[in-house]
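Enquirer: Below is one structure. I have some questions about it.
The values are calculated or read from the model by the stated rules, or taken from the named source; none is laboratory data. Only a predicted model underlies this, so the values are computations on that prediction, with no experimental measurement involved. All accessible areas refer to the heavy atoms of the entire protein, side chains included, with ligands and DNA or RNA removed. Shrake-Rupley method; radii C 1.70, N 1.55, O 1.52, S 1.80 Å.
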Amino acid sequence: MIRKFPDAMREFFVYKSESETLLDSIEMDNMFNIIFSDKSSNKYINELRTQTFWRDYLGEIEGMQNKTF
């Protein structure tokens, strides 16, 4: 289906922002709502590490806009 009608399927797989601009790291980060564990738990510390890793990753990728993966 995707190979036969790629343009028709594009809306299901390609993000389209309201402002019609490219998706940047801030907008990508805002697409997710993080629900943290209790602040006194070990899970919370790991969740903060994961959030930091995610935001660092987004920042690095945004800095590589002119490179291909």
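Enquirer: Expressed as a whole percentage, what fraction of the accessible surface of the range 1-50 belongs to carbon and sulfur atoms when a 1.4 Å probe is rolled over the protein heavy atoms?
Expert: Reported share for carbon and sulfur atoms: 57 percent.
Enquirer: If you roll a 1.4 Å probe over the heavy atoms of the protein chains, what accessible area per residue do you get for the range 2-58, in Å²? All intermediate terms of the calculation are to be shown ahead of the outcome.
Expert: Numbers: 5420 Å² over 57 residues.
On a per-residue basis, the range 2-58 sits at 95 Å².
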